[in-house]
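Working notes for the structure below.
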Amino acid sequence: MTETIKLDKEIPAKRESGFKRFFKALALMRESPVGMIGALIILFWVTMAVLAPFLPLYDPNAIMSPFQKIGAAAPDGGTFWLGTDHKGRDILSRIIWGAQKVLIWATFATFVAYVVGMLMGVLAGYKGGWADEIVSFVANIFLSFPFIILCIIIVATLGASGWTVVVAVTFASAPQIMRIVRGLVLDLKTRDYIFAAQTRGESPWYIMLVELLPNARGPLIVDACLRLGYTVVAIATLGFLGLGLPPPDPDWGLMLKEAVPLGAFAGHSMYLPAAALASLILGFNLLADGLREISLRD
Amino acid sequence: MIVLAAKRLVAMLLIMLVVSFILFSLFEADKMAVAGKVLGPYSSVEQRETWLSQNGYDEPFFTRYTQWVGGALHGDFGNSLQYKVPVSELLVDRLKNTGILALVFFLIMIPLSLTLGVLAGMKEGSWLDRIISIFSVLTTSIPEFVTATFLTGLFVYTWHLLPGTSSMTSGFSWKEMILPVAVLVIYDFGYVTRMTRASMAEVMTSQYIRTAILKGLPYKRVIMRHALRNALIAPFTVIVLQLNWLLSGLVVVEVFFAYKGFGSLLVDAALFGDIYVIEACVMVAVFIAVFSQFISDIGYTLLNPRIRFS
Amino acid sequence: MSNTTAVTPVLECKNVNISYYTRAGEIPAVIDFNLTVLPGESIGIVGESGCGKSTVALAIMNYMGKNGRVKSGQILFNGRDLQTMSEDELRSIRGSQISMVYQEPMASLNPSMKIGEQLIEVPLYHENVTEAEARQRSMEMLAAVRLPDPQRIMDSYPHQISGGQQQRVVIAMALLSKPALLLLDEPTTALDVTVEAGIVQLIKDISKQFGTSMIYISHNLGLILETCDRITVMYSGEAVESGAVQTVFNEMRHPYTRGLFASIPLPGTNKNSRPLVPIRGQLPLPQNRPQGCYFGPRCDFFQAGRCDTQGGINMRPVPDEQRHDVRCVRFEEIDWASYRPTGLSGEQAEIGKTVLEVKHMKKYYELKDSSLMAMIKGKKVQYVKANEDINLIAREAETVAIVGESGCGKSTFAKVLMGLEEATEGEVILNGLELSHTPVQARKAQTVALLQMVFQNPFDTLNPSHTVGSQIARVIKKFDIESDPDKINQRVMELLDLVKLPRDFALRRPRQLSGGQKQRIGIARAFAGRPSVVVADEPVSALDVSVQAAVTGLLTDIQRNLKTTLLFISHDLSVVRYVSDRIVVMYLGHIMEQGTTDEIFNPPYHPYTEALLSAVPIADTSVKKRHIVLEGELPSPVNPPSGCPFQTRCPRKIGAICETQLPPLQQTATGHAIMCHIPLAELQLIEQVFQVDAA
């Protein structure tokens, strides 16, 4: 054969390290200003959450002087940068510790929901037939509960705790993830490379996990990002309804619940956690939007 | 078509049945706990046992379950522990209030989001599209109770224009409806707008729209006759499925504004441990969700000739 | 190009440059394009994917999308520049003066509007007619494009009629306002061969009947020969040669045109004695076009200093010829007579013992009928008879082709062989081992390795998430060829050598490869386990013509050297004729005819084979072909006709017996078998489909 192939110098042939690829992905974000803003907001909150133990903050549960305005002087000579709430607890400290709490539980809950949902989805989509019927039916049962109502039932039976939140989010989210994954798998399994794997006698689990799942990652990353946002909303909503993480530990939803009736005297104790919550969720949604935009481009 | 509807209907009943069973086992499998909830935490074991045998709890679990289902089908969910009245009475009243709220919400949300979505999707990438898209991401990103907080802060605490609660103690009041409806619309319209936009944008890039344009049809005809019909199929199902989402939103909004609706009833019951009310509310909520799924499936088939005639 | 004629051309493109503007910058799609269409003339534009031929069509319609623009030059329609027209003027011309037929008929029709409504729009908005009149005209036009029962078609939705019928509707729509110019963009690419033949016949008749000027865009030279008066060959955004069809086909002057013809399997080419000559290298991406002649790096006549000058190469008229232009600085001096490019020839390998034998194999699928009628009647299960009584033998080093249109059961047959589906009845014997009821998971690794597959779609054949090397290595590991990582790696390298790709491709991901390269990796993967039978399912049909030749050559080359049995599944009789030793013709699950390649291409023919042969467009002016256009549509395999499966479309149907009885299999001593009620002796008398001029 006389065909000569010109090697494209721009395409690196070596496989890059995960670290390098992460930065490349980050550089890609520059193409979407919206996504960049989202990423920065999330980065800000994650940094706050990680640094919480090292920052010079008051104990979030320490009761000092109530209804202090923004920037008021504290009895010990320090400053309440964001004032105090009705019980006299430092709002800045509560917001930052609250960020840590909501981020940890939301990530964990989403992760668990993803593991369950993906397995269900790949199984239903790839195997089809009875496996699909059963998995889809189970999913439909949980999908027929409105999200918050399912959470309420679970909290009402198990009692309020972080683990309950994880269970609630898994039950509510996993069926949705299952549906997405199932749809993706149904599309992907008609590809020739799946036939190729079948014709060399690969086991179903090998095909599902090695051949199928990695190719579904694009839409799933976008969805995971959105879903983290929903989970934050869910945790905060439960907190707001008084069914979330138990007090007195700081919880943004609970802070709002307590502050709203007193909003006439202390607007800041109501606006600040609301703004914190809105910004974090906005961050996830913007990042998801940016990722989707970029993934559609190539 | 009829077969499809029948199949869906059977699936719907099956789901309701399974849900009712899960619910009943969750709340009433442990008899002593039920008695404890009814008689209070300080009741003695003897008192509880007496109550249980008086109220037919000595029957085996499955018998009790079938009796409960039979009652539920006749609208009999027992008496509320908190309010000491039949659950059904409470429920009818609260559902009516919630229905009004939902109706007003849909009347505003549907025209608003469809119009915005079509306008945005008609010319993808135009400045109008960008503005609508960004605005709808922003509003959907903020959960209901956060929007409610900001609106209350401004309209109630700062400008004193509107009441902060909507309990309607002195009869129905439009003024008290404004904030709850506004919060729901602000949170929800963005999602439907984005779905409509995506659907419209996809249709506009389709080959049959190119055919229509290259046939030399006026732009108005291309949009109204060729694009809209296809573009509105997806939003229709989204809107119907919104009912499910709306229930979650309603719970939060009703609690926030102390609106005496179905959602606040459920949360109160959950906090109080009013198990009969919880059971009834959840069954109703699941029924609404499953039924809306049914309507959306059937509607999708009816709207889509490709499926209708195959 | 300045051939002054008294007539105003219908369309004239003058030095047109079209670019797309993307984030990455300006991408020139069409460069310095000239075209003149005289009234009644039909012009073919031919070229491989990405050459800019569809962009030309959209530019003529002035519909370039958001980021495309005609950068310079003029596109004159009846002497007026389309670029300067207002939206309203354009609208009045589109659909009435210039109209278009598209590649995918299904996608081009609005799925939620009845066909009637989509048709009557055209006269309603372009001419002042009443709705009744518009409806009347639409019905007449549907009849004119030979659609049966126009009334029923008017009341149908697009998805309720077949692909061929949809395309006829689109053509009717385009003709409704009697346009001066009709653009056809690959109008038959999405259709089956016999359906394509009908549409091509229709297009030819239309141009005669209505006197419409046409621009026919296609990648298929044979179709252009059948339908057009003139041809423009495009390469990488430029027209490289244009002239009358006869001139260009017989005396092509541009090396690319020459290369294109050398790489298509015309009658007379043969893998052993007269092999195809692929064009080396690959199409440059628009961003990476070379300086000077874009074809330079792939051209055997490239001369540094002359062919790579700055500013590009101009189109020049061929001296002493009418309207024949070539974009090559050296066309006058190239001595084609003494040009003998090396093809991919090789000795015919000796055909050995039987490797694969299929005996009376049947494959039925159950189809659950969930309609209300079926439930009432209690008839719940229908069968799709995907394969009926398949008998076939394949020997060592032999290439057996399985030919048929969509729904003929060729893919099902492959699935049963591979063990992805279980045969309903019959035997599949591979190297003495009965496999018809052993699913692939239950087969031993060595057995699985013996039978491997090359897939159709290059974009699908490799898993985008894994590197090329790891995908080949997996096969080697799976089949226990090697277990030591170094040895596996060594074997991967050998396989890359085998398919003539650089070794560092092992570390690449599929998206960094071109279609042809992916297909080569697919071949390497199939041969990794040292198989004795390789099933190739349309391995080249998704590739560009020049790449097809290279991949086909590579496949046959490897097969010959390794003495592998090749089952070549295809719908393309030209390719099949070129590669195969024996051919099996399938229709609706039945084998209609099988025999050696010569036997299939010569009488006696099965009437279906005869129609199939005549439907294949041939890009050779010296070949005379009989035209047989089949009536009716391809029946669905769910609901096959009674008796002979071909009876609904057969032009040689002899009577009631065809409708009631499955025809007998008539076999000659050499093994040539035909399933038909007409006696062999009579079939023997049928005239040849192809006549090659002695010239």
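The values are calculated or read from the model by the stated rules, or taken from the named source; none is laboratory data. Note that the structure is a prediction, hence the values are computed from the model and not measured. Virtual Cβ from ideal backbone geometry, glycine too; neighbours counted across all protein chains shown. With ligands, DNA and RNA removed, areas are computed over all heavy atoms of the protein, side chains included. Shrake-Rupley method; radii C 1.70, N 1.55, O 1.52, S 1.80 Å.
A few points about this structure:
- Once the range B:272-282 is narrowed to residues that are more than 8 Å from every other protein chain (Cβ to nearest Cβ) and either open to solvent by 10 Å² or more (accessible area, probe 1.4 Å) or more than 13 Å from B:Val87 (Cβ to Cβ) (or both), the residue that is modelled with the highest pLDDT is B:Tyr276.
- Tally, over the range C:290-337, of residues that are surrounded by fewer than 13 Cβ atoms within 10 Å (Cβ to Cβ), assigned to a loop (DSSP other than H, G, I, E, B) and among the aliphatic types (A, V, I, L, M): 1
- Among the strands (runs of 3 or more DSSP E) confined to the range C:629-695, the ones with at least 2 residues that are among the hydrophobic types (A, V, I, L, M, F, W, C) are located at C:673-675, C:690-692.
- Condition check for C:Tyr256: touching a strand residue (DSSP E or B) at 6+ places or on another chain (Cβ under 8 Å) and part of a helix (DSSP H, G or I): yes
- Test for A:Thr84: is it at pLDDT 75 or above and polar (S, T, N, Q): yes
- Residue list for the range C:416-458, restricted to those being without any contact (Cβ under 8 Å) to a residue 40 or more places away in the chain and closer than 16 Å to C:Val534 by Cα: C:Gly419, C:Leu420, C:Leu435, C:Val440, C:Ala445, C:Gln446, C:Thr447
- The range B:256-271: number of residues that are within 15 Å of B:Thr169 (Cα to Cα) and open to solvent by 30 Å² or more (accessible area, probe 1.4 Å): 2
- Residue within the range A:256-266 that is in a helix (DSSP H, G or I) and away from every other protein chain (no Cβ under 11 Å) present: yes
- Leading residue by the ranking (most open to solvent (accessible area, probe 1.4 Å)) among those in the range B:212-255 that are within 14 Å of chain C (Cβ to nearest Cβ) and charged (D, E, K, R): B:Lys220
- Odd one out for C:Pro179 among (1) crowded, with 20+ Cβ neighbours inside 10 Å; (2) not in a loop (DSSP other than H, G, I, E, B): (2)
- A:Val169 under 19 Å from the mean Cα position of the chain (by Cα) and more than 14 Å from chain C (Cβ to nearest Cβ): yes
- Residue, farthest from the other protein chains (Cβ to nearest Cβ), within the range C:433-491, restricted to residues that are open to solvent by 20 Å² or more (accessible area, probe 1.4 Å), hydrophobic (A, V, I, L, M, F, W, C) and in a loop (DSSP other than H, G, I, E, B): C:Ile481
- Any hit, the range B:283-292, residues being away from chain A (no Cβ under 11 Å) and open to solvent by less than 20 Å² (accessible area, probe 1.4 Å): no
- Of the numbered criteria (1) of a type in the set (Phe, Trp, Tyr); (2) crowded, with 24+ Cβ neighbours inside 10 Å; (3) over 22 Å from C:Lys53 (Cβ atoms), the one C:Tyr125 fails is (2).
- Residue within the range B:26-45 that is within 22 Å of A:Ile153 (Cβ to Cβ), of a type in the set (A, V, I, L, M), away from chain C (no Cβ under 14 Å) and over 31 Å from the mean Cα position of the chain (by Cα) present: yes
Listed here are the residues, each with its yes/no results for (1) more than 10 Å from chain C (Cβ to nearest Cβ); (2) open to solvent by 10 Å² or more (accessible area, probe 1.4 Å).
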| site | (1), (2) |
| --- | --- |
| A:Ile152 | yes, no |
| A:Leu186 | yes, yes |
| A:Lys189 | yes, yes |
| A:Tyr193 | no, no |
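- Flag for B:Thr205 being open to solvent by less than 10 Å² (accessible area, probe 1.4 Å) and either more than 14 Å from chain C (Cβ to nearest Cβ) or touching an Asp or Glu at 6+ places or on another chain (Cβ under 9 Å) (or both): no
- From the list C:Gly589, C:Gly643, C:Gly553, the one residue that fits, being on the phi > 0 side of the Ramachandran plot, touching a Leu at 6+ places or on another chain (Cβ under 8 Å) and not aliphatic (A, V, I, L, M), is C:Gly643.
- Scanning the range C:69-122 for residues that are assigned to a strand (DSSP E or B), out of contact with any helix residue (DSSP H, G or I) (no Cβ under 7 Å at 6 or more places or on another chain) and small (Gly, Ala, Ser) yields C:Ser72, C:Gly73.
- Pick from the range A:213-237, criterion away from every other protein chain (no Cβ under 12 Å) and among the charged types (D, E, K, R), ranking: farthest from the chain's Cα centre (by Cα): A:Asp223
- Residue match in the range B:142-164 (condition: part of a loop (DSSP other than H, G, I, E, B), under 19 Å from the mean Cα position of the chain (by Cα), touching a residue at least 60 places away in the same chain (Cβ under 8 Å) and within 12 Å of chain A (Cβ to nearest Cβ)): yes
- Boolean, B:Arg8 is within 14 Å of chain C (Cβ to nearest Cβ), touching a Phe, Trp or Tyr at 6+ places or on another chain (Cβ under 7 Å) and not aromatic (Phe, Trp, Tyr): yes
- Matching residues in the range B:7-29 - criterion: being free of Cβ contacts under 8 Å to residues at least 60 places away in the same chain and either among the aliphatic types (A, V, I, L, M) or open to solvent by less than 90 Å² (accessible area, probe 1.4 Å) (or both): B:Val10, B:Ala11, B:Leu13, B:Leu14, B:Leu17, B:Val18, B:Phe21, B:Ile22, B:Ser25, B:Leu26, B:Ala29
- When restricted to residues that are in contact (Cβ under 8 Å) with a residue 24 or more places away in the chain, under 17 Å from C:Val170 (Cβ atoms) and open to solvent by 20 Å² or more (accessible area, probe 1.4 Å), the range C:197-221 contains 3.
- Test: residue in the range B:60-71 that is surrounded by fewer than 20 Cβ atoms within 10 Å (Cβ to Cβ), modelled with pLDDT under 90, part of a loop (DSSP other than H, G, I, E, B) and not hydrophobic (A, V, I, L, M, F, W, C): yes
- Looking at C:Ile31, C:Ile43, C:Ile18, just one residue is in contact with a Lys or Arg (Cβ under 6 Å, 6 or more places away or on another chain) and part of a strand (DSSP E or B), and that residue is C:Ile43.
- Of all residues in the range C:131-158 being of a type outside the set (Gly, Ala, Ser) and within 21 Å of B:His226 (Cα to Cα), the one that is most open to solvent (accessible area, probe 1.4 Å): C:Glu131
- Residues in the range C:493-509 that are surrounded by 15 or more Cβ atoms within 10 Å (Cβ to Cβ), within 9 Å of chain A (Cβ to nearest Cβ), part of a helix (DSSP H, G or I) and not aromatic (Phe, Trp, Tyr): C:Ala506, C:Leu507.
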